[in-house]
Amino acid sequence: MEALKKERKVKRSAFTKSVKNLEELLAIEEKEWHSIEVTWELIKEYYTAVQVSEEKVYVALQEADADEKVLEEELDVKGEYYKTYTSARLRIEDLERQLRSGMEPVACGTTVVSEVSQSRYQLPDSQGNRKFKLPVIEFKQFDGDVRHWLSFWAQFKKIHEDLDIDLNDKISYLIQATLPGSRARQVVESFPAMQENYAKIIDSLKSRFGREDLQIEVYVRELLKLILDNAISPGKIDISTLYDKIECQLRALETLGVTKNKCAAMLFPLIESSLPEQLLRAWQRSPEYTGGRGKSNNDDPNQSPLEKRLESWLCFLKGEVEGEQRILLASESFGLRSVVSNGGNKNPDRNRQRHMQKTFKQKVPTAAGLVNCNVVGCIFCQRSCQEMADAAKELFLQTIEVNGEGRYEVRLPWLEDHPPLPDNYSFSKNRLKTTIKKVTDMKRLEAYDAVFREWLEEGIIEEIKLDQSKDKCHYLPHWSVVKEHSSTKIRPVFDASAREKDRPSLNHCLEKGVSLIELIPTILSRFRDQKICVVSDIRKAFLQISLHEADRDFLRFLWVNADGDEIIYRHKRVVFSVNCSPFLLGATIEHHLSQGLKRCETEDVDCSIETISQLQKSFYVYNCVTSVPSEVVLKRFIRESNAIMNQGCFDLRG
């Protein structure tokens, strides 16, 4: 409570001080408008802050069961501050009214300018909205053309109806709003510039240029002109231009009282005759003409049949314009803009051919281009993916070795400056509970446990004692996958992409290596090259490659024994679900075959150079796909390929 009152006291003090500053500024004869504006903005901010604090204190008093008298005193003080704020606001509003009422518009060349709009100081209005200095509005001078009367009068009417402007000033504005030397200027200047003549000048202008019957004739003649242009002009008229011109004349006629419901019988034949022949045929085949003959988007039972047809025609023409815009937009994407709208081109076929040739010469992005691109940028480190993949390949060649079991041993390709990798222990433990419950419900807990025991016996995984726990480690969650028709009906799958919120996963910290997808088309082509197709794969391929001791702690996982006690295992071999595993397997096989090829050149081995070369071009991850010309070659290929792959502890089966 005391803290809230202290906060309120500080805000009240700031508010009171700002109000006093405003009073001092308003008392000065030569007012500093900028300072007044800044001080008023501060007052509004401080008063809002005071209101918030008042509300907090009042709620706290209510919760503390304060006396009724105390609550009344709080409301009284709150009212006093409201009076102070309201008094300041009213003074600002009064000052604003004085500024507005004391300044009249003045003329500046051909432009109507207000002194208030030229002022540096912009006071807020009564609702607290800021007023900004907008660009100056310039008169479009009337040249005496009857077609321009409506737009001119719509602009000048505001001055004409403003009772605060002196009549002599209105005459001055009228002179400036007409083009020098035009018939309209001659009419205005034919009267002496006296306020008694202002009404006569306006009446004379209206009778000369603004008569309603004259205006109607002008816009009807404009429609007739469209018909003549359509009949005489040999070129193709632009649909968008035609639609805009027709809409312009119809809007002008509606302004003059010639509405569609009154004059549809006259307007519809005129407008229909203005259509080009090709567009007229499309209109007569359209659903608006053949099906509805009166249906429109605005179906009104009070509309006459001709009015409905006119509405339908306008809807049809609008749809054609939108369609042209879509075609133009689509064609511009392929450089065919001139093909769609060739205007009066005498040889559109040659024009189309030239643009099509230009289009086909351009390089069109393809999926194959994306896959085979040599340089692909990484959005995280700004380096090219090829550069990072090459670095991973170089590290692999520097660190690969053969261990005591005769297996290849590799290192994980860690990203340079990767984010700190968390241990993921809590996440993995929660996932373990879910996995145990799931396999228990399926009555496959023993089978799932048997897989781990088998791996332990084969040396694929090893158990970690609690006293061997390290700070730098990472746990992989796992779940079960059931395949009834497989030799191993249930097996664990590890999730190297699992992570906690705002923390990286293991896959985020590893370079996945060279993309192998681009190899598929070439391998499939060779698969169909010879008479006999050969397909084989490596049994448990990833598990045949050993992992370096330094990287094994980042491939830990949790399990439980028969008593339900927690066990910590870690992988000694490459794990299938880690993003770099396909790269490690492919690079290991490539390295193994390269070493075998070198031995063939220098030693007497049970494998030919031809077989090894064919194997080098036939592997995709752990699948070998190739073809041979005869059964004799097939038997030799099977024998020699098994021999060379067994040397690297790879069991090739077909």
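State all residues of the range 599-641 that are modelled with pLDDT of 85 or more and basic (Lys, Arg); if no residue qualifies, say none. Matches in the range 599-641: Lys617, Lys635, Arg636, Arg639.
Among the candidates Val514, Val534, the residue that is in contact with a Lys or Arg (Cβ under 7 Å, 6 or more places away or on another chain), crowded, with 16+ Cβ neighbours inside 10 Å and either within 30 Å of Thr434 (Cβ to Cβ) or touching a residue at least 40 places away in the same chain (Cβ under 8 Å) (or both) is uniquely Val514.
Scanning the range 69-87 for residues that are without any contact (Cβ under 8 Å) to a residue 40 or more places away in the chain and either of a type in the set (Phe, Trp, Tyr) or not assigned by TED's automatic domain parsing to the domain that holds Val59 (or both) turns up just one, Tyr82.
Counting only helices (runs of 4 or more DSSP H) that sit completely within the range 159-226, those holding 3 or more residues that are more than 51 Å from the chain's Cα centre (by Cα), within 23 Å of Arg147 (Cβ to Cβ) and hydrophobic (A, V, I, L, M, F, W, C) correspond to 183-189, 198-209.
Quick grid of which residues meet (1) surrounded by fewer than 12 Cβ atoms within 10 Å (Cβ to Cβ); (2) closer than 27 Å to Glu409 by Cα:
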| site | (1), (2) |
| --- | --- |
| His485 | yes, no |
| Phe527 | no, no |
| Ala550 | yes, yes |
| Leu558 | no, yes |
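Residues in the range 63-78 that are among the basic types (Lys, Arg) and surrounded by 10 or more Cβ atoms within 10 Å (Cβ to Cβ): Lys78 only. Which of the residues belonging to the range 518-568 are within 44 Å of the chain's Cα centre (by Cα) and not in a helix (DSSP H, G or I)? Scanning the range 518-568 gives Glu518, Ala541, Leu547, Arg556, Phe557, Leu558. When you go through (1) within 55 Å of the chain's Cα centre (by Cα); (2) modelled with pLDDT of 85 or more; (3) outside any helix (DSSP H, G or I) one by one for Lys140, which number turns out not to apply? Single failed check for Lys140: (2).
The values are calculated or read from the model by the stated rules, or taken from the named source; none is laboratory data. In this text the structure is predicted, and so the values were computed from the model without any measurement. Note that we place each Cβ from the backbone using ideal geometry, even for glycine, and neighbour counts take in every protein chain shown.
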